[in-house]
Structure formats: C-alpha cells, structure tokens
Ligand code: FES
C-alpha cells in the first residue's frame, strides 16, 4: 500500500509500505521528520503522533482507550483526527492513506 505524509513545511513523502507494518515503523524507515517512535510502538511515548487526513478517518478508526489517554500527553496540539501512528497498521484497505505530521 502507499502512504503519504504531509510535512509541516508543505513537503510530502510518499512510500510503499508492506501490509502489517505500522505507520510509525514506516515513517522511521522512510526518514519522515517529526515521527520519532521513541518507545518502539509500545504506546508509551506519543512521539509518533500524527493527524489522519479527514478523508481517511473512517477507515483508520478511533483510538483505543489507552491510546486515547496517551494522546492527551502528546507534545503537539490534540485534534479529533489525532492518532498514534504505531497503532495504525498497513492494510490494503488503507492504500493511499494520507497522514499529516504535526507542527513541532
Ligand atoms: Fe511510542 Fe507510538 S511509538 S506511542
């Protein structure tokens, strides 16, 4: 599947991501600035915070309870479309997904 990250400076990074890979791992592998993934995807750092593009929120779904709590401590402003990208897994359903990297 393809994923595009929109960066705060207006640049975009698009990459092919294998099914089953999470969006934090994919961002780190593709050198997306601003997605750190300090805890390795264990839901304990919130440094993988992204905004899901409005057209995709139905398909990525809602944050689970613990993710929801972690989003409250994310550094950037929380929005309704905020997700921790380590909790979004690549699948054929999400082909073309657009994620927005928060302003630092
Ligand atoms: Fe730490 Fe997602 S990588 S919460």
Relative contact order of the chain, pairs being alpha-carbon contacts under 8 Å that are 6 or more residues apart, as %: 41 percent
DSSP bridge orientation in the chain - percent antiparallel, rounded to nearest 5: 75 percent
Using alpha carbons only: equivalent-ellipsoid semi-axes of region 9-104, gyration tensor based, whole Å: 18, 15, 14
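Taken together, the values in this text are just the output of simple stated rules run on the coordinates, not laboratory data. Everything numeric here is computed off the predicted structure, so don't read it as measured data.
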